[in-house]
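The values are calculated or read from the model by the stated rules, or taken from the named source; none is laboratory data. All values derive from a computational prediction rather than experimental measurement. Positions of Cβ are generated from backbone atoms using ideal geometry, with glycine treated the same way; all protein chains shown enter the neighbour counts.
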């Protein structure tokens, strides 16, 4: 590796960190935060102050969810969903705390730091697509012992294309 190039990258990261701190943008280097920042800029949204709950807020102050991938095909994972004691409670939690808490869900595919594809979906469509998958995952976790009891489901390219509005 070119040591001079590495030092240049380090310098730019440090400069980015300084700019973020001056603008009260919390640690941009965690949990895909750079991609969330780039999506917010592209959409004219305001990045949320923390990494819990909504990822950003739209121009009207409504919470929104961002999902991104660098895969060749756009898709999105909803991971780390807390497992509840009954399916009824699980469905309610997923609906209220994970999906309908946000006005819109945005899905972007990146090539490096460039957004090459982006869609928006209504919470009702995201819920309709994911709830059967979540039910299957929930049943599997309850019937079989897993070290990590959290649930995870994926929305695939064809589901995004069929239900979403293409923005890029």
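So that you can scan it fast, the table gives a plain yes or no per residue for (1) more than 22 Å from residue 163 (Cα to Cα); (2) part of a helix (DSSP H, G or I):
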residue	(1), (2)
35	yes, yes
41	yes, yes
51	yes, no
60	yes, no
64	no, no
71	no, no
89	yes, yes
93	yes, yes
96	no, yes
(request) Taking residue 115 as meeting all but one of (1) touching a residue at least 12 places away in the same chain (Cβ under 8 Å); (2) closer than 30 Å to residue 146 by Cβ; (3) under 16 Å from the mean Cα position of the chain (by Cα); (4) not in a loop (DSSP other than H, G, I, E, B), write down the number of the exception. (result) (2)
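Being part of a helix (DSSP H, G or I) and either within 22 Å of residue 71 (Cα to Cα) or in contact with a strand residue (DSSP E or B) (Cβ under 8 Å, 6 or more places away or on another chain) (or both) is the filter here, so list the residues in segment 118-133 that pass it.
First, the residues of segment 118-133 that are part of a helix (DSSP H, G or I): 123-133.
Correct list: 123, 126, 129, 130, 133.
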(request) Could you check, for segment 41-63, whether at least one of its residues is surrounded by fewer than 17 Cβ atoms within 10 Å (Cβ to Cβ), under 20 Å from residue 109 (Cβ atoms), out of contact with any helix residue (DSSP H, G or I) (no Cβ under 9 Å at 6 or more places or on another chain) and in contact (Cβ under 8 Å) with a residue 40 or more places away in the chain? (result) yes
(message) Going through 123, 132 one at a time, which residue ends up being over 13 Å from the mean Cα position of the chain (by Cα), at pLDDT 95 or above, surrounded by 16 or more Cβ atoms within 10 Å (Cβ to Cβ) and under 17 Å from residue 154 (Cα atoms)?
(response) 123
(message) Condition check: closer than 18 Å to residue 129 by Cα and either crowded, with 16+ Cβ neighbours inside 10 Å or in contact (Cβ under 8 Å) with a residue 60 or more places away in the chain (or both). Does residue 67 satisfy that?
(response) yes
(request) Can you give me the number of residues within segment 134-168 that are assigned to a helix (DSSP H, G or I), touching a strand residue (DSSP E or B) at 6+ places or on another chain (Cβ under 8 Å) and within 22 Å of residue 72 (Cβ to Cβ)? (result) 3
(request) Name every residue in segment 98-111 that is surrounded by fewer than 21 Cβ atoms within 10 Å (Cβ to Cβ), part of a loop (DSSP other than H, G, I, E, B) and in contact (Cβ under 8 Å) with a residue 40 or more places away in the chain, in order of residue number. (result) 101, 103
